[in-house]
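Here is the structure we will look at, set down as structure tokens.
The values are calculated or read from the model by the stated rules, or taken from the named source; none is laboratory data. Note that the coordinates shown come from a computational prediction; the quantities given were computed from them, not determined experimentally. Using ideal geometry, Cβ is built from the backbone for each residue, glycine included, and neighbour counts are taken over all protein chains shown.
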Amino acid sequence: MNSNPAASDSRFINCVDCEATLARLIGNVGGFIYRRRHDARWTMDFVSSACRDVTGYDPHRFIANDSLAFGELIARADRLRVDERVRLAVLQGQRATVEYRIRTAHGAWALVEDRFAPVVNAAGQVLAIEGIIDRVHRLHPAAWPRPGRRAAFSTPDTALLPLQTDA
């Protein structure tokens, strides 16, 4: 009798197939997948190759802040709101979504959506934050909210508040 459940169950695939499947899955997801430290600079430990499509930067530049910290791309006007959303998600131990602007490698501003979750150990310490960041294509920069004007696209789950247009 074979004690390996994968040998008799078609739901299991071998490790070689698993690695190829995982690489394909990560490559097919819209946006880029990341794992980062819970620090002010957003030090990345893993960034998928789609980072290039979203930011214009090669992913390796963000790993351990090799030559660039992802947190430095976030518009200053958005930073406090984004940090607060992350802080609340970590405190509550829940997944969250937040939209913010980043400066791309080409010097343009891009609106992105970041869907993330804290990774905690049994003692409740934050080990990392994992998520996916993708561009938001539904909004032209001219339509971004201005102080005193309500954002028509705000929803409670995205925690998007009116932004200043100057970064």
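Do you know which residues across segment 89-112 are crowded, with 20+ Cβ neighbours inside 10 Å, more than 15 Å from Y57 (Cβ to Cβ) and not small (G, A, S)? Within segment 89-112, V98, E99, Y100, R101, L111 meet the criteria. Does R115 fit the bill of being without any contact (Cβ under 8 Å) to a residue 24 or more places away in the chain and in a strand (DSSP E or B)? For R115, the condition - without any contact (Cβ under 8 Å) to a residue 24 or more places away in the chain and in a strand (DSSP E or B) - is met.
Only one entry of R95, R103, R87, R79 meets the criterion of being free of Cβ contacts under 8 Å to residues at least 60 places away in the same chain, over 20 Å from R35 (Cβ atoms) and among the basic types (K, R), and that entry is R79. Among (1) modelled with pLDDT of 90 or more; (2) within 14 Å of the chain's Cα centre (by Cα); (3) more than 24 Å from H60 (Cα to Cα); (4) not aromatic (F, W, Y), where does G131 come up short? With respect to (1) modelled with pLDDT of 90 or more; (2) within 14 Å of the chain's Cα centre (by Cα); (3) more than 24 Å from H60 (Cα to Cα); (4) not aromatic (F, W, Y), G131 is out only on (3).
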